[in-house]
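**Q** My structure is below; once you've seen it, I'll send some questions.
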Amino acid sequence: VYDMFARLNSNNIVLNKQEIRNSKYWGEFKVLVYRLSSKYREFFLSNKLLSDKECARMGDSELVNSLLILLIEGIVKETPNSIENTYKKYDKEFANSETIEGQFHSLMNILSQIYLCLNGASGCFSNKNYFFTLYCVIANQMFGIVNSELPRIDAFSSNNIENNLPSLCNIITQFIHDYDTNLEDRDNLYGLHIEYTEFAKHHSIRTTGKTERLHRISFLNSAIERAAANDNE
């Protein structure tokens, strides 16, 4: 760590907020973020969710922050101050850390299988903001999201999702196709173009706002719920 900061300082590079957090805190939450970032860095890189340059500046840790906060606090607005407060709150003690870490590993195992199934054709989900939305929806289906009443499907609960993974992968593949089609079909105002355009918009503006996050998570969650219901008819 010291060598990294020495190298950055010698090149007159200003530390970003995540690098400052990493140097400032040494407690339970920071250690967990660092451990998970190291373990899943290759997943982020191989699926082009993050670049080598972003990971070199702790972009992977910044993403893991958001993924963990979702499990701990639910869908919230994230700001530099709120992230800092999370590091402070769980610096000395993080009583629920084993449960949260277990859920994270379970989620990433499912997501790794989904991206493997997509085989490079991940479409919009090759963008880290869309990945965050997908992560949230899978978290909701598997465990439920704290302080949320989003619908859940029993087939995709933590107990059943492995057996129903092929169906889930097909649903996500179809969503990617529908997303691309509806964004292109700008003349079809009676179709879903407007809804998909809104979904896209909320991934490009105020991406850490609670309202925008809730909108896009609800949209994808509902799409998966409808598709699963149609499969069972």
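**Q** When N is the residue count of the chain, what does its C-alpha Rg come to as a fraction of 2.2 N^0.38 Å? Provide the component values of the computation, followed by the final result.
**A** Numbers: Rg = 18.5 Å, N = 233, 2.2 N^0.38 = 17.5 Å.
Here the Cα radius of gyration is 1.06 times the empirical estimate.
**Q** Once both axes come from the Cα atoms, what is the angle between helix 80-89 and the longest principal axis of the chain, in degrees from 0 to 90, rounded to 10?
**A** Between helix and principal axis, roughly 70 degrees.
**Q** Can I ask one more? For segment 137-233, what is the accessible area per residue in Å², given a 1.4 Å probe and the full set of protein chains?
**A** On the way: 5420 Å² over 97 residues.
About 56 Å² of surface per residue is accessible.
**Q** Also: Taking 7 Å along the Cα-to-C-beta vector as the label spot, tell me the Glu198-Val31 distance in nanometres, rounded to one decimal.
**A** Spacing of the two 7 Å Cα→Cβ label points: 4.5 nm.
**Q** Take the solvent-accessible surface of the protein heavy atoms, probe 1.4 Å, and return the percent of it on the chain that carbon and sulfur atoms account for.
**A** Reported share for carbon and sulfur atoms: 49 percent.
**Q** Restricting things to alpha carbons, find the Rg to Rh ratio for segment 54-152 using the Kirkwood radius for Rh.
**A** On the way: Rg = 14.1 Å, Rh = 14.6 Å.
Reported Rg/Rh (Cα atoms, Kirkwood Rh): 0.97.
**Q** Please state the charge dipole magnitude for the chain, taken about the Cα centre, from unit charges on C-beta atoms (+1 on K and R, -1 on D and E), reported in debye and rounded to the nearest 20. Please list the in-between numbers first.
**A** Values: 24 positive and 29 negative charges, 205 e Å.
The dipole magnitude comes to about 980 debye.
**Q** Once you treat every alpha carbon in segment 25-110 as an equal point and sum by Debye, what is log10 I(q)/I(0) at q = 0.24 Å⁻¹?
**A** Log-scaled intensity ratios, in q order: -1.33.
**Q** Gaussian network model of the chain, Cα springs within a sub-10 Å range: biggest mean-square fluctuation belongs to which of Ser167, Ser23, Ser61?
**A** Fluctuation is largest for Ser23.
**Q** Extension gain Ile205-Lys53, at 0.36 nm per residue separation less the Cα-Cα distance, in nm? Could the numbers behind the result be given before it?
**A** Numbers: separation 152, 0.36 × 152 = 54.72 nm, distance 2.28 nm.
Roughly 52.4 nm would be gained on extension.
The values are calculated or read from the model by the stated rules, or taken from the named source; none is laboratory data. Everything quoted here is computed from the prediction, not taken from an experiment. With ideal geometry, Cβ positions are generated from the backbone for all residues, glycine too; neighbour counts draw on all protein chains shown. Side chains included, ligands, DNA and RNA excluded: accessible areas come from the protein's heavy atoms. Shrake-Rupley method; radii C 1.70, N 1.55, O 1.52, S 1.80 Å.
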